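A short worksheet on the structure shown next.
The values are calculated or read from the model by the stated rules, or taken from the named source; none is laboratory data. This is a predicted model, so every value here is computed, not measured. Note that we place each Cβ from the backbone using ideal geometry, even for glycine, and neighbour counts take in every protein chain shown. Heads up: the accessible areas ignore ligands, DNA and RNA and are worked out on the full protein's heavy atoms, side chains in. Shrake-Rupley method; radii C 1.70, N 1.55, O 1.52, S 1.80 Å.
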Amino acid sequence: MMRLLLLLAVVAILSLPPSPATADARFARLSDPGVVAIMRHAHAPGTGDPGNFALNDCTTQRNLDAHGREQARRTGAAIRAAGARVERVLTSQWCRCRDTARLLDLGPVEDVVALNSFFEALDRADRQTSELRRVLSGLLPEETVILVTHYVNIRALAGRSVASGEVLLLETQPDGTVSVIDTIMIGPHD
């Protein structure tokens, strides 16, 4: 009987999902020269923004829900647990991105207009993506940087779809081009 209980306990432990610190040691790659993280803001229910959207009024925007706030906190904890020391957190000016960036709790948060959403103004996609490439090419190779932005921005830059809260690790080149070297998804309940 004791053997069966011990075996069941071992099976239960082995079937638990890994902790963020274990599952996401990949964040240690942020210490590699030329590697940055770009994250879609954490979970904010809906699509786009309401018609009365105002950049400086969070009540007119889609915002993080409780799951999104927890997702941002857990992602920041996983990055810290991997030993990555972040020097800069760059963010879109949208409230859901700023809140995600702050909740990561990785360091000072800086607004970068090139990270703002162009979902409602797709004619800005090329110009804004070019500006984002200039921002990336201006980073020091040894800087550890995390960018928080929107689906459309990441899709235009990296050519990949991303879920809310998903992080892409990018290898950047001096000309601002990027290649995706890994994807990491931390959910609010992992």
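Laid out as a table, the results:
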{"item": "Filter result (touching a residue at least 24 places away in the same chain (Cβ under 8 Å), out of contact with any Asp or Glu (no Cβ under 9 Å at 6 or more places or on another chain) and more than 21 Å from residue 102 (Cα to Cα)) within region 153-169", "result": "157, 158"}
{"item": "Residue satisfying all of: in region 77-92; without any contact (Cβ under 8 Å) to a residue 60 or more places away in the chain and in contact with a Ser or Thr (Cβ under 9 Å, 6 or more places away or on another chain); most open to solvent (accessible area, probe 1.4 Å) among these", "result": "85"}
{"item": "Residues located in region 99-158, provided they are among the aliphatic types (A, V, I, L, M), under 18 Å from residue 45 (Cα atoms) and assigned to a helix (DSSP H, G or I)", "result": "101, 103, 152"}
{"item": "Of residues in region 137-190 being among the charged types (D, E, K, R) and open to solvent by less than 50 Å² (accessible area, probe 1.4 Å), the one farthest from residue 36 (Cα to Cα)", "result": "166"}
{"item": "Qualifying residue in region 82-100 (condition: farther than 16 Å from residue 36 by Cβ, of a type outside the set (Ser, Thr, Tyr) and modelled with pLDDT under 95)", "result": "yes"}
{"item": "Which listed residue, of 118, 53, is at pLDDT below 95, more than 22 Å from residue 185 (Cβ to Cβ), of a type outside the set (Gly, Ala, Ser) and surrounded by fewer than 16 Cβ atoms within 10 Å (Cβ to Cβ)", "result": "53"}
{"item": "Members of region 56-72 found to be open to solvent by 60 Å² or more (accessible area, probe 1.4 Å) and farther than 16 Å from residue 116 by Cβ, listed by number", "result": "59, 66, 67, 69, 70"}
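Residue-wise test of (1) farther than 15 Å from residue 186 by Cβ; (2) crowded, with 22+ Cβ neighbours inside 10 Å; (3) in contact with a strand residue (DSSP E or B) (Cβ under 6 Å, 6 or more places away or on another chain).
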| residue | (1), (2), (3) |
| --- | --- |
| 34 | yes, no, yes |
| 48 | yes, no, no |
| 95 | yes, no, no |
| 100 | no, yes, yes |
| 109 | yes, no, yes |
